[in-house]
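The values are calculated or read from the model by the stated rules, or taken from the named source; none is laboratory data. Since the structure is predicted, the reported quantities are computational estimates derived from the model, not experimental observations. Reconstructed Cβ throughout: ideal geometry from the backbone, glycine too, with neighbour counts over all protein chains shown. The accessibility values were calculated without ligands, DNA or RNA, using every heavy atom of the protein model including side chains. Shrake-Rupley method; radii C 1.70, N 1.55, O 1.52, S 1.80 Å.
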Amino acid sequence: MDKLVIRGGRRISGSITASGSKNTSLPIIAATLLAGDGTFTLHKIPDLKDIMTFTQLLNHLGAETTFEGNILKISTRNVESLQAPYELVKKMRASIYVLGPMLARFGHARVSLPGGCAFGPRPIDLHLMAMEKLGATITIETGFIDATIPGGKLRGGHINFPISSVGATGNALMAAVLAEGRTTISNAAAEPEIETLCKFLIAMGATIRGTGTTELEIEGTNTLRAIEFHNVFDRIEAGTLLAAAAITGGDITVNGVEPDQMKAVLNKFVHAGCTIETTENSITLKSPKKLIPTDVTAKPYPSFPTDMQAQWIALMTQAEGTSRITDKVYHERFNHIPELNRLGAHIEIHKNQAIVQGPQLLSGTKVMSTDLRASASLVLAGLVAEGTTEVLRVYHLDRGYEKIEMKLNSLGADISREKYTEF
Ligand code: EPZ
């Protein structure tokens, strides 16, 4: 197993380019199941464990894939197996994204229930509701979702999501594009990941109105085609890199980004005292002498993203006062806090709010990753902690950050990746 050994106290400064977005890659890879003719060429796909897991799932279903230099080529011509197995879905819950496209193209799908994850239950009831609204019959047996279409083909309908769900919106879109007739989706997720999925599906030949908004209208079509597509940047990796500079008093420029997709996060860095300058495709952050405590409430886009909540908590351990961080998306997404407190932070949890006292001198020690963004927050804390911090079980980190220690070392960090065994 791998750990990251971080020798803290060094400023993170310089220029770096963001990788392609993980959370955009996953739905567009799933959407390749919708077109059996031709080969998709997807550019700027990050080299991550979650991407490997997902392509493994597509291969299991019968797709042919090659991945070289962040270019993923996929042909789903020979897809026939309709079952997404437990072993793969358990590794990555976003495997549920195959449900909509498999139903739409083959009229049947069998997907293992994803199970929970480190920060509490992550239900899929809204995914199933959406499929049923389009004419599917869903049964759940022996841990599997079995979806069929008595009428033979999905038919358009109205889907009204009671809460904003990125995944359920993605599945609904990928089912509706091949359904008969019109589908409307109310309270759709408007995250950039969904906006990009809409653009991808439109490029494949789908008719979608309302891209980027919470009200979507889809006219079903019979055929969609394989395309070449350039993925967008990873806004969470970019935000994490900005936080790495801010927590160590450094100055950084992140290139290959779209600042407009990060307004809520950039505003919070400004409130915390950072200077932010943007161009069309770059963000420059200059750290203040002292960080100002800044409250954050994580909510659906365009608000501050829950995927930056853990990183913000790490940053606020260095601010001159008390900060309150509330997560209204995942109320239990705080597994990073006991580990941050082991580094010397003073953070209390009250329901879905963390109260962070700062500034706290952090002292390096061994800490355990529990999930993807929790591990990112531990790396950030290790960068500023005195002495050496060992972040264990970095397989969590490798799911969503491409070559993170190489990127941070190129910006002045001193991080090594080492093997270790657990008792
Ligand atoms: C996506 O997960 C992201 N994952 C998550 O990022 C991100 O935290 C989340 O959206 C919220 O932005 C990917 O894109 C692969 P949701 P998803 O459905 O789609 C509830 C990371 O770190 N809900 O938008 O699973 C749910 O419990 C990962 O990269 C239902 O109640 O999230 C949550 O409270 C972690 N029923 C809220 O909706 C459902 O059927 C939002 O979840 C589905 C969701």
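The table below gives the values:
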{"quantity": "Cβ-Cβ FRET estimate between residue 137 and residue 395, R0 fixed at 35 Å, reported to 0.05", "calculated": "0.40"}
{"quantity": "Burial ranking of peptide ranges 291-300, 25-34 (average Cβ count within 10 Å, highest at the top)", "calculated": "25-34, 291-300"}
{"quantity": "Cα-centre dipole for the chain with unit charges at Cβ (Lys and Arg positive, Asp and Glu negative), debye to 20", "calculated": "360"}
{"quantity": "Signed unit charges on C-beta, dipole axis of segment 29-124, positive-most listed residue 104, 118, 81", "calculated": "118"}
{"quantity": "Within segment 339-423, GluC sites (Glu not before Pro) in DSSP loop having at most 11 other beta-carbon neighbours inside 10 Å", "calculated": "422"}
{"quantity": "Accessible area of residue 229 in the full protein assembly, 1.4 Å probe (Å², nearest 10)", "calculated": "30"}
{"quantity": "Stretch gain in nm, segment residue 351-residue 81, where the contour uses 0.36 nm per residue and the Cα spacing is subtracted", "calculated": "92.9 nm"}
{"quantity": "Under the Karplus curve 6.51 cos²θ - 1.76 cosθ + 1.60, θ = phi - 60°, whole-Hz ³J(HN,Hα) for segment 136-142, x wherever Gly or Pro sits", "calculated": "7, 10, 10, 10, 10, 8, 6"}
{"quantity": "Under DSSP loop assignment and at most 10 Cβ neighbours within 10 Å, longest trypsin sites (Lys or Arg not before Pro)-free interval of the chain", "calculated": "1-288"}
{"quantity": "Estimated vicinal HN-Hα couplings, Hz - segment 74-84 in sequence order (Karplus 6.51, -1.76, 1.60; Gly, Pro = x)", "calculated": "9, 10, 10, 4, 9, 5, 9, 5, 10, 10, 9"}
{"quantity": "Sparsely packed GluC sites (Glu not before Pro) within segment 78-147, loop by DSSP, other Cβ within 10 Å at most 15", "calculated": "80"}
{"quantity": "Cα-Cα over 22 Å, subset of 199/328; 153/199; 268/289; 3/290; 290/366; 44/73", "calculated": "199/328; 153/199; 3/290; 290/366"}
{"quantity": "The chain, helix-only ellipticity at 222 nm - DSSP H runs n ≥ 4, -39,500 (n - 2.57), divided by all residues, nearest 500", "calculated": "-9000 deg cm²/dmol"}
{"quantity": "Shape call, segment 123-226: gyration tensor on alpha carbons, a/c limit 1.5", "calculated": "oblate"}
{"quantity": "Cut-off under 5 Å, modelled amide H: who pairs with residue 282 long-range", "calculated": "257"}
{"quantity": "For segment 122-137 and segment 362-423, distance of Cα centres in Å", "calculated": "38"}
{"quantity": "Cβ-based charge dipole, segment 1-123, positive-most Cα from 4, 94, 61", "calculated": "4"}
{"quantity": "About the Cα centre, charge dipole magnitude for segment 45-184 (Lys/Arg +1, Asp/Glu -1 at Cβ), debye", "calculated": "220"}
{"quantity": "Among 345, 409, 311 - extreme Cα towards positive end, dipole of segment 298-423, charges at beta-carbon", "calculated": "311"}
{"quantity": "Accessible area of segment 70-166 belonging to carbon and sulfur atoms, whole % at 1.4 Å probe", "calculated": "54"}
{"quantity": "Cα-centre dipole for segment 285-423 with unit charges at Cβ (Lys and Arg positive, Asp and Glu negative), debye to 20", "calculated": "300"}
{"quantity": "For the chain: accessible area per residue (Å², 1.4 Å)", "calculated": "38"}
